[in-house]
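Contents: one structure, followed by commentary.
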Amino acid sequence: PKAVHGKNETTKTGLLKFKTKQLIITTQSNTHNPQTSTLPKKLKMVTDEDFVASEFEPSLFTESMHNMPRFGHTDDIGYAASSNLDVKEDYLLGVSFISGVIVLFLLVWVIVLIVMKFVGREQVGCASGEVSKIPSIESIQKANANNQYQNNVNSQNSGEDEGEGMNGVEISTSSDAKEDDDYLADIEQWQYESTSIEQIIRWARIIFLVFAGIVIVSSLAIILGGINVLNYAYISAIDNVQVMNTKIDLSIGEAAFFSSVALNASKERDLALESIDSWCPNANINGTIAVTTSSDDNITYLSTGTSSDGLYSSLVDLTTFAVGGINSIEGSLVEAKMKGEDIKESMNNYAWWHLGTLGFILGVDFLVALFSIGVILAWKNIQPLPFEILQTYCALPLFAFLVSTTWLAAAGFAFTAVLTSDVCTGSPEENLVSIFNEQETDLDPLLYAMTKYYVEGCSLEDRPEKPTVFIDDFLPYLKAAETAMQTFSSEVSMVDFNNLVSSCGTDASYVTSAIDNIAQLTLSLNKVTIQANSTIQSLYCSEYNPVYVDMMHVDVCHFGVKGLSMTFISTLVLVVAGMVMMTLRASWHEVEDEDHWMNDECSIISENRKYSLAQVGSSMSDTSQPHAEEIESESDQNSAEHGIENNLSSPEPNRRQEPQVDEFGEDPMHNTLRSVAYR
């Protein structure tokens, strides 16, 4: 039907007949021309149509979104527009449950990120946003020496006799062998911690890049499977609204023209009734006159009065020519067109949403690509400091805003997808009518009845009475009046005019005026009949229901639900991947080593060890414990005896040492060793 209507504006669609499942479309040229007085060919009277509406088949997306958990809340879309706030709230809670879970999950994740940021890398590692530093051997030695020293002091203080105190000293200063074992343990611990940190940051970068790829793929899915599909449905819906407005405009024109010709015919009918009532004074009480023909003196009886089958009564039965009803239809159609124009204007005002969404998604992809480049550069240890600052302090806040906004958009898409799938589940026509029933008081009664009929009534096998049926009911009266006038004109033409004037006993001008009025009324009634049929056809189900089906079944329930579902799923995957990337934001930072507090350990290993042990012994003696035996062996000899090699190609870490703190809280050994190293 859409193709036929759009082919040529000078044609009108005739009947749509479905025979043996084959659609037969017949067209007729314009049957009236208000600018000419030529009587057009009479249309076949049609009071109804043989039309079968398309059946709706829900898609997999529609069923899946409709079956989302509601946790005891109703899924009846009719309650969405209910004036009962309790049932309305119950339905909306069920629809918004999934969206609420999504938003809650976002808030929890954001809170966790903030907490990990304040906790710091010492507790949560790179999840805090800062990459862990590879410790120096010196820091490990100091930490272990501090622990050992504290253990020795605790052991001494907890001893019950002097022998136990001596054993506590011997634990730390018994021999070089023990010292060298500790030295090897420090090396192993340093290697283990360094390797662990490198592996953690390596896996963090791998995971970061994997989820960056997921973001890119999800973006493509949003664009191709979601946004583009929704945009197609959106544009198609605008086109269907325009088609509907065009059809409404045509129906308004037909109704207006019908009202015009009907008013004109009503005036001519009134003149004809006056003429018929007085043109033949000799007519009997039944409105019948006997006229003798001029040739064979036969008598012809003309019915002109108020008998049930006479011309007068048939013209009276036309009453107001259904003008009042036609004007009501025209007013309702005008209101419908205004609403349609408002809908179209609103949809056109938001037509930019497609490009805006594409720009938003591409912005996210650009930042993801920027972060990925930074991670790769950091992996290669060639990350420029300005680029790292750009990512951390400029790109990251913008990315966080975009991801959070996209997360909220995912919740919105979920809500809209579930709501739309509820409308499209089962029978969209019944669901829409249930919504219309809740809004009946806000619509013009006739417009409400017409909307309900074209949405649901046209699709029912047992079709209800249409709101415009009074036009159909008016057609038999037109037909009866036309038949009566044709019969009268035919009988009048059979008699001699002079005999007719003589039989009526009146002036010839009265007879001539009456005959002319009836002839003119015949033409007018013919026009009314043609226009009545044309108006009826413009209000056929075959005119409006296919547009509704195309817009509701195809645009909304098929492409609309599909696009919303794909956008929701893809957006949810994108934001989860984006949040993972934000959690692993330390990936684009280079791994740093701790600052060495001694630059050349190898040159002072022996002095360091002797100084350290002497300090330990002195400290222990200050606590009234016996002094440990003095250890006089040199570090190089002990190293040789125990197989310890000094690799001069790389700095060898110093021996484990006990921490000493002066009155200012500083380690005098630290300062002494640094001075020796510098010297």
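Would you please put 360-370, 530-540, 447-457 in order of how densely packed they are, using the mean number of other Cβ atoms within 10 angstrom per residue and starting with the highest? Walk me through the intermediate numbers first.
Details: 360-370: 18.0, 530-540: 22.9, 447-457: 21.1.
Going by the mean number of other Cβ atoms within 10 Å, highest first, we get 530-540, 447-457, 360-370.
Across region 399-505, C-alpha contacts under 8 Å between residues 6 or more apart give a mean separation that, scaled by the residue count, equals a relative contact order of 15 percent. Computed extension gain for Ser54 through Ile114, at 0.36 nm per residue and net of the alpha carbon distance, reaches 16.1 nm. Only one residue of Trp109, Asn84, Thr74 has its Cα farthest out toward the positive end of the dipole of region 55-124, where Lys and Arg carry +1 and Asp and Glu -1 on Cβ, and that residue is Trp109. Can you tell me how region 495-569 classifies by the Cα gyration tensor, rounded, prolate or oblate, using a/c under 1.5 as the rounded cut? Because a/c hits 1.5 or more and a/b exceeds b/c, region 495-569 counts as prolate.
Taking K and R as +1 and D and E as -1, what net charge do the other residues with C-beta under 13 Å from the C-beta of His558 add up to?
Values: positive: Lys562; negative: Glu57, Glu63, Asp550, Asp555.
The answer is -3.
In order along region 470-481, phi translates into HN-Hα couplings of 5, 5, 4, 5, 6, 4, x, 5, 4, 5, 5, 5 Hz, rounded to whole numbers, per the Karplus curve 6.51 cos²θ - 1.76 cosθ + 1.60 with θ = phi - 60° and x for Gly and Pro. For region 74-84, 3J(HN,Hα) computed residue by residue from phi via the Karplus equation (6.51, -1.76, 1.60; θ = phi - 60°) reads 6, 10, 7, 5, x, 6, 5, 10, 6, 7, 7 Hz, glycine and proline entered as x. Put simply, when 203-212, 81-90 are sorted by average Cβ atoms within 10 angstrom per residue, most first, you get 203-212, 81-90.
Among the listed pairs Lys88/Lys466; Lys452/Lys527; Lys344/Lys452; Lys344/Lys527; Lys337/Lys562; Lys339/Lys452, give every one whose C-alpha distance is greater than 24 Å.
Violating the 24 Å Cα-Cα cut-off are Lys88/Lys466; Lys452/Lys527; Lys344/Lys527; Lys337/Lys562.
Distances between placed amide hydrogens fall under 5 Å for Asp496 paired with Ser294, all partners being 5 or more residues away or on another chain. Between the alpha-carbon centres of region 87-105 and region 411-460 there is a gap of 22 Å. A simple rule links phi to the HN-Hα coupling: the Karplus curve 6.51 cos²θ - 1.76 cosθ + 1.60 with θ = phi - 60°, which for region 445-455 gives x, 5, 5, 4, 5, 5, 4, 4, 5, 6, 7 Hz, with x for Gly and Pro. Close amide-amide hydrogen proximity is noted between His73 and no other residue 5 or more places distant or on a separate chain, at a cut-off under 5 Å (H modeled in the peptide plane; Pro and chain starts excluded). Put +1 on the Cβ of every Lys and Arg and -1 on every Asp and Glu Cβ in region 381-452; which of Trp407, Pro445, Pro397 then has its Cα farthest towards the positive end of the dipole? Projecting each Cα onto the dipole axis, the largest value belongs to Pro397.
Which order do peptides 477-488, 460-471 fall in by mean Cβ count within 10 Å, highest first? Don't skip to the end; give the middle numbers.
Values: 477-488: 18.6, 460-471: 14.7.
Descending packing order for the listed peptides: 477-488, 460-471.
FYI, it's all coordinate maths here, none of it is from the lab. The structure presented is a predicted model; accordingly, all values stated were derived computationally and were not measured. Because the Cβ atoms are built from the backbone with ideal geometry, glycine has one as well, and the counts that use them run over all protein chains shown.
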